[in-house]
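The values are calculated or read from the model by the stated rules, or taken from the named source; none is laboratory data. Because the structure is a prediction, the values reported are computed rather than measured. Reconstructed Cβ throughout: ideal geometry from the backbone, glycine too, with neighbour counts over all protein chains shown. Keep in mind that these areas ignore ligands, DNA and RNA; they rest on the heavy atoms of the full protein, side chains included. Shrake-Rupley method; radii C 1.70, N 1.55, O 1.52, S 1.80 Å.
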Amino acid sequence: MTLILDEHTAASPQADSTLSTENACALENYLVLPDNSMDARIAAARAQLGTTTVLLGHHYQRDEVIRFADYTGDSYKLSKIAAQTDAKYIIFCGVHFMAESADVLGRPGQQVILPDLNAGCSMADMAEISQVEACWEVLTHLGLDAETIPLTYINSTAAIKAFCGQHGGLVCTSSNARTTLEWAFARGKRVLFLPDQHLGRNTGYAMGIPLEQMPVWDPWAVQLGANYGGQRKESLAASRILLWKGHCAVHQRFLPGHVDQVRAKYPGIQVIVHPECRWEVCQKADALGSTERLIKIVEDAPAGSMFAVGTEIHLVNRLARRFAPEGKKIITLDDTGCLCTTMYRISPQHLCWALENLVEGRVVNRIQVRETVKHWAKVALDRMMEAG
């Protein structure tokens, strides 16, 4: 059986459908077992697979999974590792767009595995390829396409990345958004920024671009008459960054009031947030940065420092435990807890299932981008790597 994540990426739950189900490691047999019963089995499977397999873990993964990762990092760091590893199998404990990028950047013969196909990204789902093509048609109709460079956040489908590559654009991450915007502005008057409006707005504003020159394109707006994506053609023509109406469900939960509340409760605390947060939150923060940058800020701070961190709760809790011996106090900016539910889908049971099937010679949940899409998606990702 083959499942389709979108029209451009195939995911094979079972590589060899001719295998007897009596011999296969069935997922349902794993899901009924407790988390702690998986540890020894995961470790044993990892030992058997040896250097043939590399396990990548995103910072937002739960502790029970990320402890087994060979490498941990944000999207940018893990993309670079995926492009460099010689391992035959890449098990990506993240979400599907990350696994797609690993397949695009990987070497011939490598296979990428996503332990749970339900680990998606709500932000990536906010930009469908048909919607982006419709937006580009409007820009073409208005004569704006030739001076517009499409730039997509890595939190997007392979199809969107391929669109950007084919139209002279590239990919960015939260680590290099400014660098890639500078790359794009050296080649065009404006940037179509997909799909996270907050990252685009926060980065553009830090570069000195006024808010009024960063209108938001609403892909669901009825495009009739002078109404193009909810905008007038004059505002599109005057724009420097045309933001897509998308966001991260986790980071959008942080509000300016949370900053005020935490400062009132903890005088002297430093507020550091991810640039996927709202502009109003970022303006109140002491610093903003990618996941790797937030970690570095905490690492470099003197003993006794206090931080309220506006990002996913698993990473915040992990930082709090790691730096407690140094007397550093680290709390979440919103104490109701901001959990990435799609990252959380990958459990020890899913990881064990994927590994033990691999030990027995079966590749499950392989993520494979179609060749017609892979070429242009790789062009866009390679441009990102070259930009820095």
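A few points about this structure:
- Residue pairs whose Cβ atoms lie under 9 Å apart, sitting 6 or more positions apart in sequence or on different chains, and linking a residue in the stretch 169-193 that is under 23 Å from residue 212 (Cβ atoms) and at pLDDT below 95 to a partner that is open to solvent by 20 Å² or more (accessible area, probe 1.4 Å) and part of a loop (DSSP other than H, G, I, E, B), do not occur here.
- Filter result (β-branched (Val, Ile, Thr) and either within 12 Å of the chain's Cα centre (by Cα) or open to solvent by less than 20 Å² (accessible area, probe 1.4 Å) (or both)) within the stretch 107-129: 112, 113
- In the stretch 31-90, the residue that is surrounded by the fewest Cβ atoms within 10 Å (Cβ to Cβ) out of those that are of a type in the set (Ser, Thr, Tyr) and touching a residue at least 60 places away in the same chain (Cβ under 8 Å) is 89.
- Scanning the stretch 43-97 for residues that are polar (S, T, N, Q) and either at pLDDT 95 or above or more than 20 Å from residue 369 (Cβ to Cβ) (or both) turns up 48, 51, 52, 53, 61, 72.
- Counting only residues that are open to solvent by 20 Å² or more (accessible area, probe 1.4 Å) and hydrophobic (A, V, I, L, M, F, W, C), the stretch 159-199 holds 3 of them.
- Residue that is surrounded by the most Cβ atoms within 10 Å (Cβ to Cβ), among those in the stretch 356-370 that are over 30 Å from residue 168 (Cα atoms) and among the charged types (D, E, K, R): 356
- Subset tally (residues that are free of Cβ contacts under 8 Å to residues at least 24 places away in the same chain and part of a helix (DSSP H, G or I)) for the stretch 356-370: 0
- Number of the condition not met by residue 148 [criteria: (1) of a type in the set (Ser, Thr, Tyr); (2) closer than 20 Å to residue 248 by Cα; (3) buried (at least 21 other Cβ atoms within 10 Å of the Cβ)]: (2)
- Residues that are closer than 30 Å to residue 296 by Cβ, assigned to a helix (DSSP H, G or I), of a type outside the set (S, T, N, Q) and touching a residue at least 60 places away in the same chain (Cβ under 8 Å) are absent from the stretch 135-147 altogether.
- Annotation: of all residues in the stretch 231-257 being buried (at least 20 other Cβ atoms within 10 Å of the Cβ), under 17 Å from the mean Cα position of the chain (by Cα) and hydrophobic (A, V, I, L, M, F, W, C), the one that is nearest to residue 307 (Cα to Cα) is 250.
- Unique residue being open to solvent by 10 Å² or more (accessible area, probe 1.4 Å) and among the aliphatic types (A, V, I, L, M) when the list is 104, 138, 95, 132: 138
- Entry remark, the stretch 371-388: residues being crowded, with 16+ Cβ neighbours inside 10 Å and part of a loop (DSSP other than H, G, I, E, B) number 0 in total.
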